Amino acid sequence: MPKDARMSRRMAGIIKTRFSETGLDQVPDPRRAQGKRWSLTTVLKTCIAGMMAGCKSLAQTEALTNEMSPAMTGMLGIGRRVPDTTARNVLVRLAPSDLRACLHRQTKKAWRRKALVPDGLPFGVVAIDGKSTAIEAWDRRYAQRHRNAPGHGAYGLVRTLTCSLVSSRAKVCIDAVPIPSATNEMGHFQKTFRGLVRTYGRKLFQVVSTDAGMCSLENAQSVIDDQKDYLFCIKADQPSLLAEAKRLLQYKRKAQAETIDIDGKYEVRRRLYKTNEIAGYLNWSHLRTVLRVESSKVEISSGKLAEHESRYFISSLKEDQLSDQQWLYMIRQHWAVENQCHNTWDTVFKEDDRPWINSDPKGTVVVMLLRRLAYNMLALFRSVSQRSELRRQMPWRDLIRAMYNTMICLSESELVGLRARQSSAGYG
């Protein structure tokens, strides 16, 4: 079988099985039965399929439904062209909490089939990081009002806390929590974290990591109260902690772990320094380890230093719970929430530039959640289902192009003998 045909069959198999794992048919339909021409499940499937194929708007998604092969429309249950106005009118009426439940179901199914096991670490790690998208409207719940420069009006900022399982091979989004307009990342951390524990219990992850914007004694205590551990970046907004961390580690010269990477024309070195001498510092009775990661970026051809910085971290984990290399690896994995999740959504899916729904904050959030479902399916296919390391490094744009080609070219003959993948029944 030609290589492209094999890829097409594998993608078709993923679509055939993984859509059902999200439980889209369990999303409540707010519409009245009278006059309803499209099932809610069909509309949601259409939107996710459009995102997976690289569509940047509802209009492009409508065009895709007109281009899909009969084999693909039959597999997805899309009998005819889905108008963009129909899709928009449905999406703005949905509750974001119902789409978050789809993310939870998708994650639990992936965990049950062992697609989210820790890679390089003895436990799961969830990174929480804020993301914002500017739109034309605002309200009191989903979009915070911001002013432009004088004379240029105002805009709404839709903010969410992304929760990504960064310890697995595929850096999936396991939740995306809207931040109410009256608070911020720091103030919404505890509700978000407790929601993760309530949803996933003790199996999926043990450590939560954040940047300095969510580091506080109260947030750390909430993590400990739920019998989890934290890894927090610290900066000047925690002056006493940062001063003590610098006193202990700033002048250490012998690194305990080091990595060397080539980034284009640069060599990037990262060195780890750590100690347990900060244990119990001030009121942080659960604090066990402080760490410094020193990064230097050198131009290979000239040897010129382009960048140099040190970042400090604190953790409730004991120093000997991880090897030196594992500590450095865990810290590096934290940034996957930005480098793989946020960066992919913005550069490949064009979330910030093309949010699909620009004048209804709740609708914008619903689209964002559908986009995370689409991203997760592709990320799991790319990083877990693909067998060769080379294919697991496939650029996202190539992956999405291949998905588009599958949707418009899939034939009935390619579906013959397609193995039905077994979906796990539960999480517990």
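Structure data summary
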item: Sorted by Cβ density within 10 Å, fewest first, the residues ILE260, ILE357; result: ILE260, ILE357
item: Theoretical gain in end-to-end length, ASP346 to ARG311 [0.36 nm per residue, Cα-Cα removed]; result: 10.1 nm
item: Coarse-grained scattering of the stretch 170-291 at q = 0.13, 0.14, 0.18 Å⁻¹, given as base-10 log I(q)/I(0) from a Debye sum over alpha-carbon atoms; result: -0.68, -0.77, -1.10
item: Kirkwood hydrodynamic radius of the stretch 1-98, from inverse mean 1/r over distinct Cα pairs, in Å; result: 14.4 Å
item: Stretchable slack from ARG198 to ASP119, in nm (0.36 nm times residue separation minus alpha-carbon distance); result: 26.0 nm
item: Proxy reagent accessibility, fewest Cβ within 10 Å first, across LEU116, LEU121; result: LEU121, LEU116
item: For the stretch 114-345: relative contact order, % (alpha-carbon pairs under 8 angstrom, 6 or more apart); result: 18 percent
item: Order of ASP129, ASP261 - criterion: other Cβ atoms within 10 Å of each residue's Cβ, fewest first; result: ASP261, ASP129
item: Spacing of the two label points (7 Å from each Cα toward its C-beta) at ASN148 and ASN276, in nm; result: 5.6 nm
item: Exceeding the 18 Å Cα-Cα cut-off - candidates LYS254/LYS274; LYS203/LYS228; LYS235/LYS297; LYS228/LYS318; LYS16/LYS45; result: LYS235/LYS297
item: With eigenvalues of the C-alpha gyration tensor scaled by 5 and rooted, the stretch 114-345, Å; result: 29, 23, 19
item: For the stretch 69-135 versus the stretch 238-316, the gap between their alpha-carbon centres in whole angstrom; result: 36 Å
item: Mean-position separation - Cα centroids, the stretch 10-65 and the stretch 341-367, in angstrom; result: 17 Å
item: Helix-derived mean residue ellipticity, 222 nm - over the chain, DSSP H n ≥ 4, -39500 (n - 2.57), to 500; result: -12000 deg cm²/dmol
item: Length-normalised contact order for the stretch 1-138 - Cα pairs under 8 Å, 6+ apart - percent; result: 26 percent
item: Relative packing of peptides 203-214, 29-40 - highest average C-beta neighbours within 10 Å first; result: 203-214, 29-40
item: Cα-projected label distance for LYS254 with SER413, points at 7 Å along beta-carbon direction, nm; result: 6.8 nm
item: Percent of Cα pairs exceeding the 33 Å cut-off, where the set is the chain; result: 39 percent
item: Contact order relative to length of the chain, as percent, for alpha carbon pairs under 8 angstrom and 6 or more apart; result: 23 percent
item: For the stretch 94-108, Karplus couplings with θ = phi - 60° (6.51, -1.76, 1.60), whole Hz, Gly/Pro x; result: 7, 8, x, 4, 6, 7, 4, 4, 5, 4, 5, 4, 4, 5, 5
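Rule-based calculations on the coordinates, nothing more; no lab input. If you're wondering where the values come from, they're calculated on a predicted model, not measured in any experiment. Ideal geometry is used to build each Cβ from the backbone, glycine not excepted, and the neighbour counts take in all protein chains shown.
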